[in-house]
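Bear in mind that the values in this text are calculations on the coordinates, not laboratory data. Every value quoted in this text rests on a predicted model; they were computed, and no experiment measured them. Here Cβ is always computed from backbone atoms with ideal geometry, including for glycine, and neighbour counts include all displayed protein chains.
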Amino acid sequence: MPGALQRPAVVSRVSDLIGRTPLLELATTETGSRLLLKLEMYNPTGTAKIRMARAMIDAAESAGELRAGGRIIESTSGNTGLGLSVIAAERGYAFTAVVDHHAAADKLRAMKALGADLVYVVDDGTEELATAAREELAERMADGQDNTVFTEQHNNPANGVGYFPVAHELAEALDGRLDILIGAVGTGGGLCGTGRELAKLITGFTVIGVEPKGSVAFGGPAHDYYQSGTGTPEGAEIGALVDFDLIGEGVKVGDVEAFATCRAVARTGLLIGGSAGGVVHEALRRLPSLPPGTTMVALINDGGEKYMDTVFNDDWMAEHALLSPEAEGEVEERLTKLRGNR
Ligand SMILES: Cc1ncc(COP(=O)(O)O)c(C=O)c1O
């Protein structure tokens, strides 16, 4: 896919703005190793997930499952729903998002603004994550309905395919020089779709998957967590796209460390979301001990703007026992040291 980095000067659909996201060098060691952030919040809707939303709809149309006037149904923590809302609006489909109150309130408001119908699986106002119940309801709603598609992101191969362009963008931008790809693992589509395609373009790189502590794809114990949109909570099935052969190492990062990292990174001028905080925490921890000249790329699933009520709200952080000036100070110190070498 040569020329993957170029975009026409004028486009006519929001979805034409998907992709070609920038790389930001966040940190560098004295030995020339660097941490580059693939800033996926520069996609429309502020997240990577619109890449796979479009791919899932393309696949449903190609299979003849979705025709003019059809309905899309998906269980979503918000970001997938935002992408599907945009594609549905552009192509004239109805879209029903099955959601819970664990999702960031701004994501839910934005989906509604874009024309989606929201169905709450648990409508008692609790913040509990209800992934399994959401998926059951979405499946039931689509069952037997004509011209209605449950896109089922956890089991849909098109989810991974939607991220193939990320691999092309990275290979082209870095001239094939990439040693470590690190990213959050929820459905697995983002990290494994990118990694699988990248393996066709370059060799000798490692894939590191990051999930919240409490998530179960890389082992237990299971407990609640607040990193939004990522991981596999207790009771949910590990997504079919989580490719354990591709992921060289699966690691866990707690909410305290992930959110402390978001808050420390914000003071460099960049707002990143909670799952990206976990990824960057792990990347920064590893960077100093990597062989000289290593290039590590972290996939940044979304920006921090959607988390002003949570990660960047001191009261909410304190109420949930997540505020840690020590953890924030540690990340800030590491960042200050590593940013001095750029
Ligand atoms: C903020 C955020 N981080 C991480 C992920 C996980 O990405 P994936 O489902 O591609 O593994 C998602 C997916 O919804 C997300 O919205």
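Summary of values
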{"item": "Cα lying deepest toward the dipole's positive end in the chain, options Asn43, Val279, Gly189, charges on Cβ", "result": "Asn43"}
{"item": "Cα lying deepest toward the dipole's positive end in segment 49-157, options Asn156, Gly69, Ala130, charges on Cβ", "result": "Gly69"}
{"item": "Computed [θ] at 222 nm, deg cm²/dmol, the chain (DSSP H ≥ 4; -39,500 (n - 2.57); rounded to nearest 500)", "result": "-11000 deg cm²/dmol"}
{"item": "The chain, relative contact order in percent, only Cα pairs under 8 angstrom and at least six apart counted", "result": "20"}
{"item": "DSSP-assigned coil residues among trypsin sites (Lys or Arg not before Pro) in segment 26-103, each with at most 15 further Cβ atoms within 10 Å", "result": "Arg67"}
{"item": "10 °C / 1.306 mPa s Stokes-Einstein diffusion coefficient of segment 99-189, Kirkwood radius on C-alpha pairs, µm²/s", "result": "99"}
{"item": "Cut-off under 5 Å, modelled amide H: who pairs with Glu249 long-range", "result": "Val207, Gly209"}
{"item": "Coil-residue GluC sites (Glu not before Pro) of segment 159-258, DSSP, other Cβ within 10 Å capped at 16", "result": "Glu234, Glu237"}
{"item": "Net lengthening on full extension, Val119/His320 (0.36 nm per residue, minus Cα-Cα)", "result": "69.7 nm"}
{"item": "Of all DSSP beta bridges in the chain, antiparallel share, percent nearest 5", "result": "20"}
{"item": "Neighbourhood charge, 13 Å Cβ-Cβ cut-off, centred on Glu65 and excluding it, Lys, Arg +1 and Asp, Glu -1", "result": "-2"}
{"item": "Label-point gap, in nm, between Leu24 and Ser62 - each point 7 angstrom along Cα→Cβ", "result": "3.4"}
{"item": "Segment Ala105-Leu174, length gained on full extension (0.36 nm per residue, minus Cα span)", "result": "21.2 nm"}
{"item": "Segment 12-23 - phi-based ³J(HN,Hα) in whole Hz, Karplus 6.51/-1.76/1.60, Gly and Pro as x", "result": "10, 10, 4, 5, 5, 8, 6, x, 6, 7, x, 10"}
{"item": "Under 21 Å between alpha carbons - lysine pairs in the chain that sit 8 or more apart or on different chains", "result": "10"}
